[in-house]
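Below you'll find the structure, written out as structure tokens, and then a few comments.
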Amino acid sequence: MSSVHQSVIARAVIVANDQILLARHHEHHNTFLPGGHVEPRESCVTTLQRELDEELGISVEVGRYLGAIEYQWWDEPISTWHHNVSHCFEARSSDLTPGVDPLAIEPHLLFCWSSVEDFERHNLLPLPLRNLIAKLLDGDERVWWASTM
């Protein structure tokens, strides 16, 4: 019997020199935006500050709300559907050096800077992020909404 796991996620879009900071779990072949699960009684902004401190040991200034993406995927080994809604925010940190991949504190994570042109090579997921971030860098300030469902 399968189950469903639902989560609210906070994600940071950190841009430096037209590069976006991406994260990857060392056992997976896709990347994602830094951030993580929103804990009970925690705001998305607080989540981003906590997660980036835990993952990279950096402080971040969380800026403008960019929008939300709803997506799901099947996790075969545990027979579970995952249904997530990611809330994305602009963020900055003076603790990061543009072009220098930061070292993760958490051993299961890797981080890298990527151009929009390299999103496919890095397999950035969920897929709508690729186009939404490209539009953002081109000056589109509309609030995001996308779904893979």
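List of remarks:
- Screening Val100, Val116, Val143 for residues that are touching a strand residue (DSSP E or B) at 6+ places or on another chain (Cβ under 9 Å), farther than 15 Å from Leu22 by Cα and not basic (Lys, Arg) leaves exactly one candidate, Val143.
- Criterion (farther than 26 Å from Glu27 by Cβ and of a type in the set (Asp, Glu)) met by exactly one of Asp75, Asp95: Asp95
- Top-ranked residue in the stretch 120-140 [being closer than 26 Å to Ile58 by Cβ and free of Cβ contacts under 8 Å to residues at least 24 places away in the same chain; ranked as surrounded by the most Cβ atoms within 10 Å (Cβ to Cβ)]: Arg130
- Taking the listed residues Pro34, Pro77, the one that is more than 20 Å from Gly139 (Cα to Cα) and touching a residue at least 60 places away in the same chain (Cβ under 8 Å) is Pro34, with no other qualifying.
- Residue ID - nearest to Trp113 (Cα to Cα), chosen from residues in the stretch 46-89 that are among the hydrophobic types (A, V, I, L, M, F, W, C) and within 13 Å of the chain's Cα centre (by Cα): Leu52
- Considering Arg11, Arg50, the condition of being basic (Lys, Arg), outside any loop (DSSP other than H, G, I, E, B) and out of contact with any Leu (no Cβ under 6 Å at 6 or more places or on another chain) is satisfied by Arg50 alone.
- Which listed residue, of Val8, Val13, Val4, is more than 23 Å from Lys135 (Cβ to Cβ) and under 13 Å from the mean Cα position of the chain (by Cα): Val8
- Scope the stretch 31-47; condition surrounded by fewer than 20 Cβ atoms within 10 Å (Cβ to Cβ) and part of a loop (DSSP other than H, G, I, E, B); matching residues: Glu39, Pro40, Arg41, Glu42, Ser43
- Cβ-Cβ under 9 Å pairs, at least 6 apart or on other chains, the stretch 44-59 side in contact (Cβ under 8 Å) with a residue 12 or more places away in the chain, far side in a helix (DSSP H, G or I) and not hydroxyl-bearing (Ser, Thr, Tyr): Ile58/Leu52; Ser59/Gln49; Ser59/Leu52; Ser59/Asp53
Throughout, read-outs are computed from the coordinates displayed, never taken from laboratory work. Note that the structure is a prediction, hence the values are computed from the model and not measured. Ideal geometry is used to build each Cβ from the backbone, glycine not excepted, and the neighbour counts take in all protein chains shown.
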